[in-house]
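Here's the structure we're looking at; comments come further down.
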Amino acid sequence: MPKESVVFGLAGVFFGILVGWMIGSQQARTPAATTSAPPAAAQQAQTAPPFDQSRATALEATIAKNASDVESRVQLGDLYFDAERFADATRWYEDALKINPTHVNASTDLGIAYYYMNQPDRALQQFERSLSIDPKHTKTLLNIGIVRAFGKQDLEGAAKVWQEVIDLAPSSPEAGMARQALQGLRSAHPPGGSSSPAGPAPNQPGK
């Protein structure tokens, strides 16, 4: 999915550079006007692409021939996610994880889908499962920060996890996003400020 991204906005003040970037764990996807955000007061910058039924049919045929095909299930989940059909996406990510419970990308993508279904607590629980597989999975950590900031209004918790991303992989793309997030957070909410980030727009991801 164009989940090299997470779309999120903190009271519309920052993360403009991240618009449409919902941080998922897929590796070669194109950001959909976004990523992430790993989730947040997400205002989708682009209309979701139409669902590719022919591609879905081909993937389902592949899966039917191979009951243990994990990657085709993840790809099918991505296909539904990109079309903003999150309930369908979660079904395929969950199915993939039944076959391979240690597939960290599928786990994190599932958490992102939960977030966009307006289930931030469930998303955070899924991200914790991802970290139990790979404690240094920076995309998962970045998404945790976004969900904490926009789904739970926990700015302190978000800042902490974003700093962890920077400490773990200072030259990574995720660290760059974390620095932008921290900078925006400090600009929008200086010490002593009382405002809090706007909540996410349920079911309107900008991956």
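The values are calculated or read from the model by the stated rules, or taken from the named source; none is laboratory data. Please read all numbers here as calculations on a predicted model, not as lab measurements. Note: ideal-geometry Cβ built from the backbone for every residue, glycine included; neighbour counts use all protein chains shown. We work out accessible area using only protein heavy atoms, side chains counted, and drop any ligands, DNA or RNA first. Shrake-Rupley method; radii C 1.70, N 1.55, O 1.52, S 1.80 Å.
Suppose we keep only residues that are open to solvent by 30 Å² or more (accessible area, probe 1.4 Å) and either under 28 Å from residue 84 (Cα atoms) or part of a helix (DSSP H, G or I) (or both) within region 178-199. Which one would you say is modelled with the lowest pLDDT?
199
For residues that are buried (at least 18 other Cβ atoms within 10 Å of the Cβ) and of a type in the set (Gly, Ala, Ser), scanning just region 70-108, find the one that is nearest to residue 135 (Cα to Cα).
The qualifying residue nearest to residue 135 (Cα to Cα) is 107.
Answer yes if at least one residue in region 160-169 is touching an Asp or Glu at 6+ places or on another chain (Cβ under 7 Å) and modelled with pLDDT of 95 or more, and no otherwise. Give the derivation first.
Applying the first criterion (touching an Asp or Glu at 6+ places or on another chain (Cβ under 7 Å)) to region 160-169 yields 165.
Then keep just the ones that are modelled with pLDDT of 95 or more; that gives 165.
Yes, region 160-169 has at least one match.
So, in region 148-166, of the ones that are touching a strand residue (DSSP E or B) at 6+ places or on another chain (Cβ under 9 Å) and crowded, with 24+ Cβ neighbours inside 10 Å, which residue ends up farthest from residue 187 (Cα to Cα)?
The selected residue is 150.
Would you pick out the residues in region 138-147 that are in contact with a Ser or Thr (Cβ under 7 Å, 6 or more places away or on another chain) and buried (at least 24 other Cβ atoms within 10 Å of the Cβ)?
Matches in region 138-147: 139, 140, 143, 146.
Considering region 59-73 alone, what residues qualify as being over 14 Å from residue 93 (Cβ atoms) and among the basic types (Lys, Arg)?
Listed by number, the list holds a single entry, 65.
Residue by residue through region 118-146, note down the ones that are of a type in the set (A, V, I, L, M) and more than 16 Å from residue 184 (Cβ to Cβ).
123, 124, 131, 133, 141, 144, listed by residue number.
Scan region 110-151 residue by residue and report those that are over 21 Å from residue 74 (Cβ atoms) and acidic (Asp, Glu).
121
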